[in-house]
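Some notes on the structure that comes next.
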Amino acid sequence: MRLYALCDQEMLDTRGISVEKYIELAKAKNAEIIQYRNKSADISLIKQQLINIRKIYDGFLIVNDAYELIEFCDGVHVGQEDLAQIDTDTKKAVKILRNVIGKDKILGISTHNNEEVLAANEMDLNYIGLGAYRDTSTKKDISHVLGDDLDAIARLSKHYVAAIGGVKEEDRFANVTYHVIGSGLLI
């Protein structure tokens, strides 16, 4: 299992855990990637957290949504809704985003079904997030749980696939590169 740790600020705040403590847990589990997600903070706080994380973690650091902070991390992950805010044409939105962040940075997007995965195959991405695998208490806006269909859908991707949404370390997939685990690291 290759670990992609999802460091969600709201989840940490709810559980009374510091970002530093979470990063140490992720490092102890050999996380190859850590994504910092903070949906409610202003950009200056997100920037400061990225700087703090970089001081204690030298793996791949991804920021969720805040592509204007790309200089402080290794890449950016955006959802379908975020792409739509850049341009209504998803492929064009990815091209714009790739031009903003550069070719040397990691770019990942969220996908949820066959159609989005096939569309992503035509985009200049490094990976896709695919899910949700199962229900999760961390993210409340899950519209569709893929369950065992996730692995079959992942097979359609030409990009690395990061399974997300209720994924556990012991889950096994044939077509998934990364297990994205957030609150599951706290167990």
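The values are calculated or read from the model by the stated rules, or taken from the named source; none is laboratory data. Nothing here was measured: the structure is a model prediction, and the numbers come from that model. Because the Cβ atoms are built from the backbone with ideal geometry, glycine has one as well, and the counts that use them run over all protein chains shown. Accessible surface areas use protein heavy atoms only, side chains included; no ligands, DNA or RNA. Shrake-Rupley method; radii C 1.70, N 1.55, O 1.52, S 1.80 Å.
Applying Stokes-Einstein at 37 °C and 0.692 mPa s to the Kirkwood radius of segment 68-130, computed over alpha-carbon pairs, gives a translational diffusion coefficient of 282 µm² s⁻¹.
Once the piece of chain linking residue 99 and residue 84 is laid out straight, how much longer is it, given 0.36 nm per residue of separation minus the C-alpha distance between them? Mind dumping the intermediate values first?
On the way: separation 15, 0.36 × 15 = 5.40 nm, distance 1.63 nm.
Gain on stretching residue 99 to residue 84: 3.8 nm.
Projected label points at residue 158 and residue 42, each 7 Å from Cα along the beta carbon direction, are separated by 4.3 nanometres.
Solvent exposure of segment 76-161 amounts to 53 Å² per residue of accessible area, where only protein heavy atoms count and the probe is 1.4 Å. To the nearest 10, the accessible area of residue 65 is 40 Å² with a 1.4 Å probe. At an R0 of 35 angstrom, the distance between the Cβ atoms of residue 115 and residue 17 translates into a FRET efficiency of 0.45.
Here residue 170 and residue 27 are evaluated by their C-beta separation; at R0 = 30 Å the FRET efficiency comes out at 0.90.
Taking the Cα centre as origin and putting +1 on Lys and Arg beta-carbons and -1 on Asp and Glu beta-carbons, what dipole magnitude results for the chain, to the nearest 20 debye?
Values: 23 positive and 29 negative charges, 79 e Å.
Roughly 380 debye for the chain.
Exposure check, 1.4 Å probe, all protein chains in place: residue 127 carries approximately 10 Å² of accessible surface.
Scaled against the 2.2 N^0.38 Å expected of a compact globular protein of N residues, the Cα radius of gyration of the chain reads 0.96.
Each Cα pair of segment 45-88 feeds into the Kirkwood radius, which the Stokes-Einstein equation turns, at 37 °C and 0.692 mPa s, into a diffusion coefficient of 296 µm²/s.
For segment 93-164, rounded, prolate or oblate, judged on the Cα gyration tensor with a ≥ b ≥ c (square roots of eigenvalues), a/c < 1.5 rounded, else prolate if a/b > b/c? It is prolate, given that a/c is not under 1.5 and a/b is the larger ratio.
Rolling a 1.4 Å probe over the protein heavy atoms of the chain, with every protein chain left in place, gives an accessible area that is 47 percent carbon and sulfur. Hey, if you put +1 on the Cβ of every Lys and Arg and -1 on every Asp and Glu Cβ in the chain, which of 33, 67, 88 ends up farthest toward the positive end of that dipole? Result: 33, furthest along the dipole toward the positive end.
Can you give the local net charge around residue 98? Use residues other than it whose beta-carbon is closer than 10 angstrom to its beta-carbon, Lys and Arg +1, Asp and Glu -1. Don't skip to the end; give the middle numbers.
Values: positive: 95, 103, 105; negative: 124.
Around residue 98, the charge tally is +2.
Measuring against 23 Å, Cα to Cα, the residue pairs 27/168; 47/91; 55/92 contain 47/91; 55/92 as the ones spanning a longer distance.
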